[in-house]
Amino acid sequence: MRKSLYFLLIAPGVLLLAVFLFYPLVVILMPTFQERGLSLGRYFAFFSDAYYLKILARTIRIASIATLVCMIFGVPTAYFISRRGKRMKSFLMAVSIFPLLTNSVVRAFAWINILGRNGVVNTLLLKWNLIDEPITLLYTDFSVLIGTIYLFLPLMLITLVGSMDNIEEDVTEAAESLGASRLLAFLKIVLPLSLPGILVGGTLVFTGAITAYTTPNLLGGNKNMLLATLIYQRAMSLSDWTGAGVIAFVMIVMTVAAVKLMQGAAGRLDRR
Amino acid sequence: MGKRKQYGLAFFSILVFLFLAVPLFIIAATAFGEASTIRFPIKGFTLKWFAAIFASRSFMSSLRLSFALALYATALALLVGIPAAYALSKTQFRRNAFLRSFFLSPTFVPGIVVGYALFQFLVIKLRMPVFAGLLTGHFLVVLPYIIRVVGASLEQFDFSIEEVAWSLGCDKGQAFVKVVLPNIASGIVAAFMLAFINSFNNIPVSMFLTGPGVSTLPTTLMTYIEYSYDPSVSAISVLLMLTTIVLMFIVEKTLGIGTLAK
């Protein structure tokens with residue numbers, strides 16, 4: 001291919017991304033490093049503000065627990081899916097993909113119906129006389145956590161099935177024929193071989209969870225903010241544009257750090 | 001004994017699938033309840049909430065907007081993305097790896113940050129009309145899907161077929177349209193589906209760029225839920241889920257459901 005044609009074909013995309021993604025990013029991030037000259041003052045201020053630190057800690061806590069739970073739910077289930085026959089497998093994959101293609105507002109709304117004051121859980125508990133009055137489940141860290149797990153479990157499942165499909169059934173059968181129990185074969189063979197998939201899935205869930213907006217907005221309310229709801233509030237309700245820029249940069253750094261950590265860990269696995 | 005362990009695994013997996021499915025079933029059921037607030041189990045049976053959304057001007061206009069937006073943004077991304085993906089897989093320059101990740105970069109920046117940056121640039125600075133702003137934002141959101149999925153199907157394509165077309169007298173443009181495009185058609189369709197769905201469902205970019213009276217369906221729904229709580233939201237959810245099922249069915253019959261897992 002001639003070089004001129006090559007540049008002609010990629011130029012529109014490069015230009016559009018440069019003008020409409022990178023330039024605006026630079027524009028919002030530049031002022032966060034300026035305070036009468038170049039300075040990290042705004043970041044020191046962010047990390048010494050108890051209110052912001054609490055939100056940052058809550059974001060990391062919820063994202064970490066959600067990642068862990070998605071792994072615990074996801075690994076056995078993905079293994080189950082990957083060992084089904086063709087028809088059953090594509091059905092179960094469809095069931096896993098469906099929530100992923102369903103709007104996140106709808107998925108958060110589902111949990112409002114379940115956890116709300118007049119929701120399914122309270123209705124059942126009252127009916128069975130286990131409680132005297134409705135308990136508060138919605139607009140708590142707990143509801144945000146459930147919503148986040150619900151949001152990202154399908155992503156974990158699909159990633160894991162993709163990586164477990166590459167494990168030959170012969171390998172586990174060989175282990176079993178040599179006397180390993182199914183559980184032992186799973187722990188010693190399947191789990192180590194699907195570790196790269198677990199890492200990728202975990203990173204997707206974690207980075208998704210620290211940046212998701214809809215779920216904390218609808219299930220957390222104002223008292224249980226996460227970074228994503230904080231950035232929206234700083235920008236749109238309070239017009240604190242540099243403040244929003246600082247949070248944006250913190251989010252980008254966290255995302256990149258999570259991805260780099262995962263790549264580092266995956267590299268280690270490869271060398272073994 | 002080994003068999004019993006399998007039952008344990010099956011039982012656990014069924015619980016996980018119930019966790020995924022039951023909340024959506026509950027929504028679907030509440031769309032048919034007669035009470036004016038959402039109750040489950042429902043009392044009575046009615047279709048009035050479906051009638052209500054079709055009569056609601058804000059829901060219908062935001063539905064139309066979301067549909068048009070997803071269509072235009074995806075078309076634009078295909079127009080920009082297919083040539084770029086073609087150039088990247090046809091050549092072996094060292095910079096190609098960097099360019100590929102450059103094209104995928106919108107996925108590495110959190111959506112809410114993209115939304116905020118575009119709000120500053122397009123809305124505050126350029127004072128762009130609302131639809132143009134949304135189109136720009138959604139174009140950025142969907143471009144990576146096109147590059148990735150079309151790129152993957154170009155990797156499978158045997159470029160010697162294209163050279164045969166040249167030697168048989170096709171010029172480069174003809175060969176591309178008559179030979180390359182038909183061979184990557186299933187990739188293009190899959191990319192289109194993924195891009196369309198992701199644009200249609202997008203919240204974090206849209207919510208910064210919507211203007212007075214101009215709002216996408218998900219942002220309209222989200223604001224609606226923040227203030228009121230009646231089964232019309234369930235009814236909309238049912239319609240959206242039905243559309244998704246139909247789309248998935250078409251994809252399964254033509255390309256295989258696995259293509260949506262990319």
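Each value in this text was obtained by applying a stated rule to the coordinates, not by laboratory testing. As the structure is a prediction and not an experimental result, all values here were calculated from the model. Cβ coordinates were reconstructed from backbone atoms using ideal geometry, including for glycine residues, and neighbour counts include every protein chain displayed.
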Can you give the helix-only mean residue ellipticity at 222 nm for chain A, where every DSSP H stretch with n ≥ 4 adds -39500 (n - 2.57) and the sum goes over all residues, rounded to the nearest 500 deg cm²/dmol? -22500 deg cm²/dmol
For A:A265 and A:L40, calculate 0.36 nm times their separation in residues minus their Cα-Cα distance, and state this gained length in nm to one decimal. 78.0 nm
On a C-alpha basis, how far is the centre of the range A:150-218 from the centre of the range B:161-202 in Å? Whole number, if you could? 34 Å
In the range B:10-45, whose amide N lies under 19 Å from the spot 7 Å out along Cα-to-Cβ of A:L183? List them in ranges. B:10-15
So the angle from the long Cα axis of helix B:185-201 to the longest Cα principal axis of chain B, reported in degrees to the nearest 10, equals 40 degrees
Can you give the angle from 0 to 90° between the axis of helix B:217-227 and the longest principal axis of chain B, with both taken from C-alpha atoms, to the nearest 10? 30 degrees
Within 10 Å of each residue's Cβ, count the other Cβ atoms and sort B:K172, B:K43, B:K90 from fewest upward. B:K43, B:K172, B:K90
So for the protein assembly as shown, using the alpha carbon gyration tensor with a ≥ b ≥ c as root eigenvalues (a/c under 1.5 gives rounded; past that, a/b versus b/c decides prolate or oblate), I'd call it rounded
A:K3: which lysines have alpha carbons under 20 Å from its alpha carbon, excluding same-chain residues fewer than 8 sequence positions away? B:K90, B:K172
Give, as ranges by residue number, the residues of the range A:183-218 whose backbone N falls under 19 Å from the point 7 Å along Cα→Cβ of A:A57. A:210
Could you work out how far apart the two model spin labels at A:V14 and A:F47 are, taking each label as a point 7 Å from the Cα in the direction of the beta carbon, and quote it in nm? 3.6 nm
Fewest-first ranking of A:F186, A:F80, B:F19, B:F98, using other Cβ atoms within 10 Å as the exposure measure: B:F98, B:F19, A:F186, A:F80
Please check: in the Gaussian network model of chain A (C-alpha springs, under 10 Å), which one of A:L157, A:L226, A:L138 has the largest mean-square fluctuation. A:L138
Just need log10 I(q)/I(0) for chain B at q = 0.11, 0.14 Å⁻¹, Debye formula, equal scatterers on the alpha-carbon atoms, no solvent, rounded to two decimals. -0.79, -1.08
Chain A: relative contact order in percent, alpha carbon pairs under 8 Å with at least 6 residues between: 25 percent
Gap in Å between the Cα centre of the range B:89-154 and the Cα centre of the range A:60-76? 29 Å
Candidate lysines - alpha carbon under 22 Å from A:K223, same-chain residues fewer than 8 apart omitted: A:K54
Neighbour-limited loop hits for trypsin sites (Lys or Arg not before Pro), the range A:1-75 (at most 14 other Cβ within 10 Å; DSSP other than H, G, I, E, B): A:R2, A:R36
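Indicate the gyration tensor shape class of chain A (rounded, prolate or oblate), computed on the Cα atoms with a ≥ b ≥ c the square roots of the eigenvalues: a/c under 1.5 is rounded; otherwise a/b larger than b/c is prolate and the rest oblate.
Judged from the Cα gyration tensor, chain A comes out oblate (a/c at least 1.5, b/c at or above a/b).
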